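Heads up: the structure comes next, in C-alpha cells.
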Amino acid sequence: PAPVENPTATHVARDDYLKVYWRPAAGDLDRYQVFIKHNNVLLQNQTVLKDQNQCVFTDLEPGRLYTVLVQTWSGRYQSSSSTHGRT
C-alpha cells in the first residue's frame, strides 16, 4: 500500500491531547494503525478504519514532543509515514 500523505499532529486546547490527521493513502488498503511514542517508547496505538483519516490521543504528558507513526496496511504489507507533535 502507499503511505499516507502529510500526517499532522496538532495540540488543540487541552494540554494532554494530540489530534492526528492525514491525507488518505492511494490504492487498496485494509486499515491504518497509528502509534504515538516519546523517546522511542511506545505509549499508545489505535487501529483506524480505512475510510477515516484522523484519530485522537489523550492522557499525554503536557509539554512533551511526541513522534506519531501512521501505518497503512493491506493484507500483510504495510508502509508508514511519521510526524512530530507537542502537547
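The values are calculated or read from the model by the stated rules, or taken from the named source; none is laboratory data. The structure presented is a predicted model; accordingly, all values stated were derived computationally and were not measured. Ideal geometry is used to build each Cβ from the backbone, glycine not excepted, and the neighbour counts take in all protein chains shown. Note: accessible area is taken over every heavy atom of the protein model, side chains too, but ligands, DNA and RNA are not part of it. Shrake-Rupley method; radii C 1.70, N 1.55, O 1.52, S 1.80 Å.
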Within the range 39-50, work out how many residues are touching a strand residue (DSSP E or B) at 6+ places or on another chain (Cβ under 7 Å), part of a strand (DSSP E or B) and either over 15 Å from Ala9 (Cβ atoms) or modelled with pLDDT under 95 (or both).
3
Going by the conditions given, is Asn53 at pLDDT 95 or above, open to solvent by 80 Å² or more (accessible area, probe 1.4 Å) and of a type outside the set (D, E, K, R)?
no
What number of residues within the range 1-38 satisfy the criterion of being in a loop (DSSP other than H, G, I, E, B), aliphatic (A, V, I, L, M) and closer than 24 Å to Tyr77 by Cβ?
5
Verdict on Thr58 being surrounded by fewer than 19 Cβ atoms within 10 Å (Cβ to Cβ) and touching a residue at least 40 places away in the same chain (Cβ under 8 Å)
yes
Would you be able to tell me the number of residues in the range 1-23 that are open to solvent by 80 Å² or more (accessible area, probe 1.4 Å), on the phi < 0 side of the Ramachandran plot and within 13 Å of the chain's Cα centre (by Cα)?
3
Tally time: how many residues in the range 61-70 are under 10 Å from the mean Cα position of the chain (by Cα) and open to solvent by less than 30 Å² (accessible area, probe 1.4 Å)?
2
